[in-house]
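> Encoded as structure tokens, here's the structure I'll be asking about.
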Amino acid sequence: MKRYHPFLVGLHWLIAVMIFVALILGGPSLAEIPNDSPDKMFGLTGHMIWGLTIGALMITRLLVRVFAKAPPHADAGSAVLNSGAKLAHLGLYALVFSMVGSGIALAYSADLFSIVFGASDAALPPNFSVFTARTVHGIIATVLLVLIGLHVAGWAYHQLYLRDRLISRMWFGKRS
Ligand code: HEM
Ligand code: HEM
């Protein structure tokens, strides 16, 4: 078994692009818009639907990952690096789910599901910083960005130093 299942490969890249967009573009530019701006509601609607979609895709990917056959763990040439890679992958799952979870917690705390999706005419709170979940969402965003940086560094180490074409494991093609 040389590669991940094509469904897992497709979802890896779709989710990666969606997380980049939320983490680098969507989330930070949304946070810049004051809550009394007419643009805020539109931004919140987009970000919340986008974030919830990432959550649903991650659950789907995790389920398929558990049940589909996967290639044996890649060898980085040292036990420490191999354990680090396993931990980093677990960390990526945990942080993405925590990002979605803290977003949902924030939406509940600020009653955003009713306000943004139309069931309530109430105004948005003046700002979100009073909610603990908002602080947590911001902190996890930074930690996730760092871990994605490490993940890409791990890939670059395999690809450029070990030259083992690691990327082909997360790409389409014959699996055996
Ligand atoms: C938001 C960004 C990303 C997330 C959340 C993410 C997450 C993950 C996770 C959880 C795995 C483990 C797969 C599994 O066993 O289920 C993985 C594997 C992998 N990722 Fe990413 N990834 C991201 C971006 C990237 C990028 C930008 C690259 C390449 C430059 C990349 C290259 C790879 C490769 C090559 C593997 C396979 C590693 C192996 O076979 O051991 N990923 N990724
Ligand atoms: C993986 C999924 C998600 C990512 C990567 C993400 C990313 C971000 C980022 C980077 C910020 C700005 C943080 C800062 O500047 O401190 C943010 C803010 C926010 N996110 Fe998310 N988010 C995700 C999921 C969600 C979900 C599921 C919801 C709600 C259902 C949500 C609701 C919010 C809200 C309400 C804000 C605050 C905007 C403001 O301060 O005005 N997010 N998000």
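> Do you know which of the residues in the stretch 7-38 that are more than 9 Å from ligand 2 (Cβ to nearest atom) and part of a loop (DSSP other than H, G, I, E, B) is least open to solvent (accessible area, probe 1.4 Å)?
Filtering the stretch 7-38 for residues that are more than 9 Å from ligand 2 (Cβ to nearest atom) and part of a loop (DSSP other than H, G, I, E, B), the one least open to solvent (accessible area, probe 1.4 Å) comes out as 37.
> While we're looking at this one, here's another question. Could we say that residue 144 is over 30 Å from residue 46 (Cβ atoms) and either of a type in the set (S, T, N, Q) or within 16 Å of ligand 1 (Cβ to nearest atom) (or both) here?
No: the conditions fail for residue 144.
> Does residue 117 meet the test of being within 17 Å of residue 53 (Cβ to Cβ), within 16 Å of ligand 1 (Cβ to nearest atom), open to solvent by 50 Å² or more (accessible area, probe 1.4 Å) and touching a residue at least 12 places away in the same chain (Cβ under 8 Å)?
Numbers: within 17 Å of residue 53 (Cβ to Cβ): yes; within 16 Å of ligand 1 (Cβ to nearest atom): no; open to solvent by 50 Å² or more (accessible area, probe 1.4 Å): yes; touching a residue at least 12 places away in the same chain (Cβ under 8 Å): yes.
No, not satisfied.
> Go over the candidates 98, 168 one by one and state the one that is open to solvent by less than 30 Å² (accessible area, probe 1.4 Å), under 20 Å from residue 16 (Cα atoms) and assigned to a helix (DSSP H, G or I).
Just a single option satisfies the conditions, and that option is 168.
> What pairs come up if the first residue lies in the stretch 122-135 and is open to solvent by 70 Å² or more (accessible area, probe 1.4 Å) and within 16 Å of ligand 1 (Cβ to nearest atom), the second is outside any loop (DSSP other than H, G, I, E, B) and among the aromatic types (Phe, Trp, Tyr), and their beta carbons are under 8 Å apart, counting only those six or more places apart or on different chains?
Cβ pairs passing all conditions: none.
> Also: Within the stretch 64-84, does at least one residue satisfy the condition of being out of contact with any Gly (no Cβ under 6 Å at 6 or more places or on another chain), within 13 Å of ligand 2 (Cβ to nearest atom) and open to solvent by 30 Å² or more (accessible area, probe 1.4 Å)?
Looking for residues that are out of contact with any Gly (no Cβ under 6 Å at 6 or more places or on another chain), within 13 Å of ligand 2 (Cβ to nearest atom) and open to solvent by 30 Å² or more (accessible area, probe 1.4 Å), one finds none in the stretch 64-84, hence no.
> Which residue pairs have Cβ atoms closer than 7 Å, lie 6 or more positions apart in sequence or on different chains, and pair a first residue in the stretch 149-160 that is closer than 11 Å to residue 88 by Cβ with a second residue that is away from ligand 2 (no atom under 16 Å from the Cβ) and open to solvent by 40 Å² or more (accessible area, probe 1.4 Å)?
154/85; 155/167
> What are the pairs, 6+ residues apart or on separate chains, where a residue within the stretch 28-48 that is within 21 Å of residue 142 (Cα to Cα) has its Cβ under 7 Å from a residue that is open to solvent by 50 Å² or more (accessible area, probe 1.4 Å) and more than 6 Å from ligand 2 (Cβ to nearest atom)?
Within 7 Å, the pairs are 33/39.
> Let me ask something additional. Out of everything in the stretch 87-106 that is within 10 Å of ligand 1 (Cβ to nearest atom) and either more than 17 Å from the chain's Cα centre (by Cα) or among the small types (Gly, Ala, Ser) (or both), what residue ends up being farthest from residue 129 (Cα to Cα)?
88
> With respect to residue 87, is the statement that it is surrounded by fewer than 14 Cβ atoms within 10 Å (Cβ to Cβ) and without any contact (Cβ under 8 Å) to a residue 60 or more places away in the chain true? Working first, answer last.
Details: surrounded by fewer than 14 Cβ atoms within 10 Å (Cβ to Cβ): yes; without any contact (Cβ under 8 Å) to a residue 60 or more places away in the chain: yes.
Taking the combined requirement at face value, the residue satisfies it.
> Name the residue, out of 119, 141, that is of a type in the set (Gly, Ala, Ser) and either under 22 Å from the mean Cα position of the chain (by Cα) or outside any loop (DSSP other than H, G, I, E, B) (or both).
Checking each option against the conditions leaves just 141.
> Any idea which residue in the stretch 39-63 is farthest from ligand 2 (Cβ to nearest atom), counting only those that are open to solvent by 50 Å² or more (accessible area, probe 1.4 Å) and of a type in the set (A, V, I, L, M)?
63
> Restrict the check to the stretch 156-166 and report whether at least one residue is closer than 22 Å to residue 46 by Cβ and acidic (Asp, Glu).
Looking for residues that are closer than 22 Å to residue 46 by Cβ and acidic (Asp, Glu), one finds none in the stretch 156-166, hence no.
The values are calculated or read from the model by the stated rules, or taken from the named source; none is laboratory data. As the structure is a computational prediction, the values presented were derived from the model and not from experiment. Positions of Cβ are generated from backbone atoms using ideal geometry, with glycine treated the same way; all protein chains shown enter the neighbour counts. Side chains included, ligands, DNA and RNA excluded: accessible areas come from the protein's heavy atoms. Shrake-Rupley method; radii C 1.70, N 1.55, O 1.52, S 1.80 Å.
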